[in-house]
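The values are calculated or read from the model by the stated rules, or taken from the named source; none is laboratory data. Keep in mind that this is a model prediction, so the values were computed, not measured. Backbone-built Cβ (ideal geometry, glycine too); neighbour counts: all protein chains shown.
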Amino acid sequence: MRVLLITQYFPPEVGAAQTRLHAVTQELVRRGDEVDVVTAVPNYPLGAVFPEFRRKLSVHSIEQGVRVHRVWMYPAMGTGVKRLISYASFSASSLWGLCRARRPDVVVVESPPLFVAVPALLYGALIRRPVVVNVADLWPDAAVAVGAVSDGRILRAMFALERWVYRRARAVGTVTEGVRDTLLNDKRLPPEKIVLLPNGVDTVQFSPDIVPGTILVELAVPDRPFVVYAGTMGLAHGLDPLFDAMGVLKAATDTPLLLMIGAGSERDRLEQRAADEGLTNVLFRDPVPPTDLARLLPLAVAGVVTLAEIPLNEKSRPAKLFPLMAAGLPILFTGGGEGADAVRTADAGIVVPNTADAIAAGMRDICDPAKRAVWGENSRRAVETRWSWRQQIDAWHHTLRGLVDRERTS
């Protein structure tokens, strides 16, 4: 089977979508499929094109058995008109990548942004191939939930585009049962059109047994106990209560450092807040490749995952959770949703409300050596039995194969 993936986000960028899509492409290659990827020149999460890709309209390469076609786009971060222009620019330039890609048996397009589904669906119609739209986050619902977009013509146009995309797609994929329920009940999609591709983790790459080498020196991290937050720092993550808690714990000598690794729309503000409030127990580092993160995580006391307590997050299962668990870390999870359920079901740590007092208490509890050992073992066992990438991709791959087979016999 020949698969064409269209996505704005892909390695060497670092992020949840990039990690998931790289894992998907590698699993497809392992199964004997041929894979092309049309993507943007790397620019996320800093909002600037990586130096080695600047002043290039397109770059084509073969990476780990995948043909990757990178095209120019206007990079921008945050919210507002510039971000919308950024999305639209990749949707337009992706047409050049489609011209360079091999003719596929099936087209898979990643959303958000939803704009890129337009050229993907038009291309699929032109070559008479099925198109699967994979919905990592409900958009524009997510933009509304965090206040990035308010009611008006733009929002109405966004919802109209969403309806058009879902109607034209042969199948719609999603990452959580909660989003699947929304697609069924609120978006009125038929159940046979929805396929689940949950977040997972490479249990070989992320493991308690990975040799860390000199990673602490490389990242200039002090040799002292630390908990780690690794991932995007955005509005939906509700990070202010975590920083309130670190303010409460600032004078304590028996609690660990909070290491924040990543970027996002809230990173600059949070870093300035930490400086203004003298939070010497909080340390920021830029995103690192998965190989470096895999070396760092086993050295941490625990992993931290936060979610703002908004309705949208009730359907969330954060991708950043699973590498932490695969590394054998106990989890301090704030908020609710399917991620909280996963931690509770696995008995892999503590789930607390996203409030300063609850997080401060949880931070003290997660450092108990005896509890940490049990929670950490449970974390690792849970991902090995339920959330490895090979297990997660099986049903999704079967759906792709079924679409291709039906297309060939119709």
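Residue by residue, here is whether (1) touching a residue at least 60 places away in the same chain (Cβ under 8 Å); (2) surrounded by 20 or more Cβ atoms within 10 Å (Cβ to Cβ); (3) of a type in the set (Ser, Thr, Tyr) holds:
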| site | (1), (2), (3) |
| --- | --- |
| Gln64 | no, no, no |
| Ala92 | no, no, no |
| Glu110 | yes, yes, no |
| Leu121 | no, yes, no |
| Ala136 | yes, yes, no |
| Gly152 | no, no, no |
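Here are Pro330, Pro323: which of them is under 22 Å from the mean Cα position of the chain (by Cα) and within 26 Å of Val109 (Cα to Cα)?
The match here is Pro323.
Please go through (1) in contact with a Leu (Cβ under 6 Å, 6 or more places away or on another chain); (2) assigned to a strand (DSSP E or B) for Thr255 and return the number of the only condition it doesn't satisfy.
With respect to (1) in contact with a Leu (Cβ under 6 Å, 6 or more places away or on another chain); (2) assigned to a strand (DSSP E or B), Thr255 is out only on (2).
Asp292 - would you say it is surrounded by fewer than 23 Cβ atoms within 10 Å (Cβ to Cβ) and out of contact with any strand residue (DSSP E or B) (no Cβ under 9 Å at 6 or more places or on another chain)? It would help to see each step written out before you state the result.
Working: surrounded by fewer than 23 Cβ atoms within 10 Å (Cβ to Cβ): yes; out of contact with any strand residue (DSSP E or B) (no Cβ under 9 Å at 6 or more places or on another chain): yes.
Against the criterion (surrounded by fewer than 23 Cβ atoms within 10 Å (Cβ to Cβ) and out of contact with any strand residue (DSSP E or B) (no Cβ under 9 Å at 6 or more places or on another chain)), Asp292 qualifies.
Test Met233 against the stated conditions and say whether it is part of a loop (DSSP other than H, G, I, E, B) and buried (at least 18 other Cβ atoms within 10 Å of the Cβ).
Details: part of a loop (DSSP other than H, G, I, E, B): yes; buried (at least 18 other Cβ atoms within 10 Å of the Cβ): yes.
Judged against the criteria, Met233 is a match.
Touching a residue at least 24 places away in the same chain (Cβ under 8 Å), crowded, with 18+ Cβ neighbours inside 10 Å and not assigned by TED's automatic domain parsing to the domain that holds Gly47: does that describe Ala358? Working first, answer last.
Values: touching a residue at least 24 places away in the same chain (Cβ under 8 Å): yes; crowded, with 18+ Cβ neighbours inside 10 Å: no; not assigned by TED's automatic domain parsing to the domain that holds Gly47: yes.
It is false that Ala358 is touching a residue at least 24 places away in the same chain (Cβ under 8 Å), crowded, with 18+ Cβ neighbours inside 10 Å and not assigned by TED's automatic domain parsing to the domain that holds Gly47.
Identify, from the list Thr255, Thr306, the residue that is in the same structural domain as Ala346 (by TED's automatic domain parsing), at pLDDT 95 or above and among the hydroxyl-bearing types (Ser, Thr, Tyr). First the steps, then the outcome.
Details: Thr255 fails: at pLDDT 95 or above.
It is Thr306.
Given Val204, Val175, which one is free of Cβ contacts under 8 Å to residues at least 24 places away in the same chain and closer than 30 Å to Ala327 by Cα?
Only one candidate passes the filter, namely Val204.
Answer with yes or no whether Thr214 is of a type in the set (S, T, N, Q) and either buried (at least 20 other Cβ atoms within 10 Å of the Cβ) or in contact with a helix residue (DSSP H, G or I) (Cβ under 7 Å, 6 or more places away or on another chain) (or both).
Values: of a type in the set (S, T, N, Q): yes; either buried (at least 20 other Cβ atoms within 10 Å of the Cβ) or in contact with a helix residue (DSSP H, G or I) (Cβ under 7 Å, 6 or more places away or on another chain) (or both): no.
When the stated conditions are applied, Thr214 does not pass them.
Of everything in segment 367-396 that's farther than 18 Å from Pro208 by Cβ and without any contact (Cβ under 8 Å) to a residue 12 or more places away in the chain, which residue is nearest to the chain's Cα centre (by Cα)?
Applying the filter and picking the extreme gives Asp394.
When you scan segment 188-205, how many residues do you find that are surrounded by 14 or more Cβ atoms within 10 Å (Cβ to Cβ), closer than 26 Å to Gln18 by Cβ and more than 16 Å from the chain's Cα centre (by Cα)? Walk me through it before giving the result.
Here is the first cut: in segment 188-205, the residues surrounded by 14 or more Cβ atoms within 10 Å (Cβ to Cβ) are 189, 193-203, 205.
When the remaining residues are screened for being closer than 26 Å to Gln18 by Cβ, the result is 194-203, 205.
From what's left, more than 16 Å from the chain's Cα centre (by Cα): 194-195, 203, 205.
Number satisfying all stated conditions: 4.
In segment 274-289, which residues are part of a loop (DSSP other than H, G, I, E, B) and either of a type in the set (Val, Ile, Thr) or at pLDDT 95 or above (or both)?
Within segment 274-289, Glu277, Gly278, Leu279, Thr280, Asn281, Val288 qualify.
Is at least one residue of segment 21-43 surrounded by fewer than 21 Cβ atoms within 10 Å (Cβ to Cβ), modelled with pLDDT under 90, under 18 Å from the mean Cα position of the chain (by Cα) and among the small types (Gly, Ala, Ser)?
No; the residues of segment 21-43 include none that is surrounded by fewer than 21 Cβ atoms within 10 Å (Cβ to Cβ), modelled with pLDDT under 90, under 18 Å from the mean Cα position of the chain (by Cα) and among the small types (Gly, Ala, Ser).
Within segment 71-113, take every residue that is over 27 Å from Asp33 (Cα atoms) and polar (S, T, N, Q) and give me the one that is modelled with the lowest pLDDT.
My answer is Thr79.
Within the group Ile127, Ile62, which residue is under 13 Å from Leu4 (Cβ atoms) and out of contact with any helix residue (DSSP H, G or I) (no Cβ under 6 Å at 6 or more places or on another chain)?
That would be Ile127, the only listed residue that is under 13 Å from Leu4 (Cβ atoms) and out of contact with any helix residue (DSSP H, G or I) (no Cβ under 6 Å at 6 or more places or on another chain).
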